[in-house]
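Engineer: Here it is, the structure, as structure tokens.
The values are calculated or read from the model by the stated rules, or taken from the named source; none is laboratory data. Computed from a predicted model, the values in this text were never measured in an experiment. Cβ atoms come from the backbone with ideal geometry, glycine included; neighbour counts cover every protein chain shown.
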Amino acid sequence: MNILEEIKQLKKEKNAIILTHCYQDIEIDEVSDYVGDSLYLSRMAAKTNADIIVFAGVYFMAQSAKLLSPNKKVLLPNMNSGCLMADMIDVNSLREFKSKFPDIPVVCYINSTAEVKAECDICVTSSNAIDVVRSLNKDKVLFVPDTYLGKWVEKQLKNVEVITFNGFCPTHLRIRPEDIISARKKYPNAVILAHPECHNAVLELVDFVGSTKEIMEYAKQSDKKEFIIATEKGVVDRLNRDSINNNWGKTFTLINENIICPNMKQNSLEDIYRVLKTEENEITIDKSISEKAKECIEKMLSVKI
Ligand code: SF4
């Protein structure tokens, strides 16, 4: 048996599923049960009847799966796959930030640890951030850790002041306004789509801003044929694969060849096989944190959009 067959066999034997984020190496899709963005995968984690969830993504995503499925064993293929943005804030820096702006609700991007979520009021993903912040009906909110997503939400809502922590995604910040300007010249017929973790100066120049899921839906439904994608390479790889498999006749080009998240790429098929076999790298969360952090995610999931 090759490694793909071995993984599939182990999944059956152990009643396990594999949840895979779109920024993972595309070869992992072969053994995955669900592939998508963090909101979709959180929902799948909450719904599944599997005994084991292998989360092919970064650490905070596996933690979120554990929060939503506390009785299941959640395994992270490679413990080095942390999110650089999530690691920019910890409980101490969050408390310090909050103390400067007392009595203002704290919204946290899902790209944060359970410890941070436990001290925030409500969670958002890039898909639902605008609607969730609007649902709070406040004129001021604190937003952690991503300053660029927070400022983008503020711009869309107009009547809410979003006071942001100074975190950012180093991968998305490698996209510069000059990249968009030169892509326009090189591909005059292309539509340019970007993720809101990009610098606000980049977002000003593109045709569409959306989460991973929204970018993929937009590209699928558009009647245009050429697209420049300003987000992580995994999205481009999946769109090109789907275009070939479904005869869309569309081409997708990564805005700049460096837009690869090194942490997301830590997980390999070998790691997935190993954790399934040994059940190592189990995610555990202290009860004092997990109840509050779960509440923070569940509040988000309960917002009617
Ligand atoms: S792309 Fe950025 S935000 Fe996403 S996991 Fe990597 S470092 Fe974190």
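Engineer: Go over the candidates Lys265, Lys224, Lys220 one by one and state the one that is in a helix (DSSP H, G or I) and over 23 Å from Gly82 (Cβ atoms).
Structural biologist: Of Lys265, Lys224, Lys220, the one residue that is in a helix (DSSP H, G or I) and over 23 Å from Gly82 (Cβ atoms) is Lys220.
Engineer: Same structure again: All but one of (1) at pLDDT 95 or above; (2) assigned to a helix (DSSP H, G or I); (3) not acidic (Asp, Glu) hold for Ile297; which doesn't?
Structural biologist: (1)
Engineer: Against the definition (modelled with pLDDT under 95 and within 30 Å of Ala183 (Cβ to Cβ)), how does Asn256 come out, yes or no?
Structural biologist: Values: modelled with pLDDT under 95: yes; within 30 Å of Ala183 (Cβ to Cβ): yes.
Yes: the conditions hold for Asn256.
Results for (1) at pLDDT below 95; (2) under 18 Å from Ala65 (Cα atoms), shown as yes or no for each residue.
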| site | (1), (2) |
| --- | --- |
| Met85 | no, no |
| Ile89 | no, no |
| Val106 | no, no |
| Tyr109 | no, yes |
| Ser126 | yes, yes |
| Asp131 | no, no |
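Engineer: Of the residues Ala16, Ala50, Ala45, only one is under 15 Å from the mean Cα position of the chain (by Cα) and hydrophobic (A, V, I, L, M, F, W, C); which?
Structural biologist: Checking each option against the conditions leaves just Ala45.
Engineer: For the condition crowded, with 20+ Cβ neighbours inside 10 Å, closer than 24 Å to Phe60 by Cβ and in contact (Cβ under 8 Å) with a residue 12 or more places away in the chain, what is the one hit in Ile260, Ile163, Ile192, Ile175?
Structural biologist: Unique residue meeting the criteria: Ile175.
Engineer: Further question on the same structure: Could you pull out the residue among Ile52, Ile122, Ile89 that is touching a Gly at 6+ places or on another chain (Cβ under 7 Å) and not hydroxyl-bearing (Ser, Thr, Tyr)?
Structural biologist: Ile89
Engineer: Another one. Given the stretch 1-66, what strands (runs of 3 or more DSSP E) lie entirely inside it while holding 2 or more residues that are at negative phi and more than 16 Å from the ligand (Cβ to nearest atom)?
Structural biologist: The strands (runs of 3 or more DSSP E) meeting that bar are 16-21, 52-56.
Engineer: Please list, ordered by first then second residue, the pairs with beta carbon atoms under 6 Å, 6 or more apart or interchain, first in the stretch 35-50 and over 10 Å from Leu68 (Cβ atoms), second in a helix (DSSP H, G or I).
Structural biologist: Close Cβ pairs satisfying both conditions: Val35/Asp29; Asp37/Thr212; Asp37/Lys213; Ser38/Met61.
Engineer: Identify the residue in the stretch 174-215 that is in a helix (DSSP H, G or I) and among the charged types (D, E, K, R) and, among all such residues, is nearest to Pro145 (Cα to Cα).
Structural biologist: My answer is Arg174.
Engineer: To continue, here is another question. Return the residue satisfying two criteria in turn: it lies in the stretch 214-236 and is among the polar types (S, T, N, Q) and closer than 13 Å to Trp248 by Cβ, and of such residues it is surrounded by the fewest Cβ atoms within 10 Å (Cβ to Cβ).
Structural biologist: Applying the filter and picking the extreme gives Gln221.
Engineer: Being crowded, with 24+ Cβ neighbours inside 10 Å and not β-branched (Val, Ile, Thr) is the filter here; which residues of the stretch 1-22 pass it?
Structural biologist: Within the stretch 1-22, Leu19, His21, Cys22 meet the criteria.
Engineer: Okay, moving on. For the stretch 93-116, name all the residues that are within 16 Å of the ligand (Cβ to nearest atom) and over 19 Å from Tyr148 (Cα atoms). Steps first, answer last, please.
Structural biologist: Going residue by residue through the stretch 93-116, those that are within 16 Å of the ligand (Cβ to nearest atom) are 108-114, 116.
Once the filter is applied, which keeps residues that are within 16 Å of the ligand (Cβ to nearest atom) and over 19 Å from Tyr148 (Cα atoms), the stretch 93-116 yields only Ala114.
Engineer: For the subset of the stretch 263-305 comprising residues that are of a type in the set (Val, Ile, Thr) and exposed (fewer than 14 other Cβ atoms within 10 Å of the Cβ), which member is nearest to Leu39 (Cα to Cα)?
Structural biologist: Once the filter is applied, the top-ranked residue is Ile305.
Engineer: Here's another thing I want to ask about it. Only one residue in Ser182, Ser211 is hydroxyl-bearing (Ser, Thr, Tyr), surrounded by fewer than 23 Cβ atoms within 10 Å (Cβ to Cβ), in contact with a helix residue (DSSP H, G or I) (Cβ under 9 Å, 6 or more places away or on another chain) and not assigned by TED's automatic domain parsing to the domain that holds Ile122. Which one?
Structural biologist: Ser211
Engineer: Another question about this same structure. Can you find even one residue in the stretch 191-201 that is among the charged types (D, E, K, R) and either touching a helix residue (DSSP H, G or I) at 6+ places or on another chain (Cβ under 6 Å) or not assigned by TED's automatic domain parsing to the domain that holds Phe97 (or both)?
Structural biologist: So far as the stretch 191-201 goes, yes, one or more of its residues are among the charged types (D, E, K, R) and either touching a helix residue (DSSP H, G or I) at 6+ places or on another chain (Cβ under 6 Å) or not assigned by TED's automatic domain parsing to the domain that holds Phe97 (or both).
Engineer: With the structure loaded, tell me whether Ile260 is farther than 23 Å from Glu30 by Cα, among the β-branched types (Val, Ile, Thr) and in contact with a helix residue (DSSP H, G or I) (Cβ under 8 Å, 6 or more places away or on another chain) or whether it fails that test.
Structural biologist: Judged against the criteria, Ile260 is not a match.
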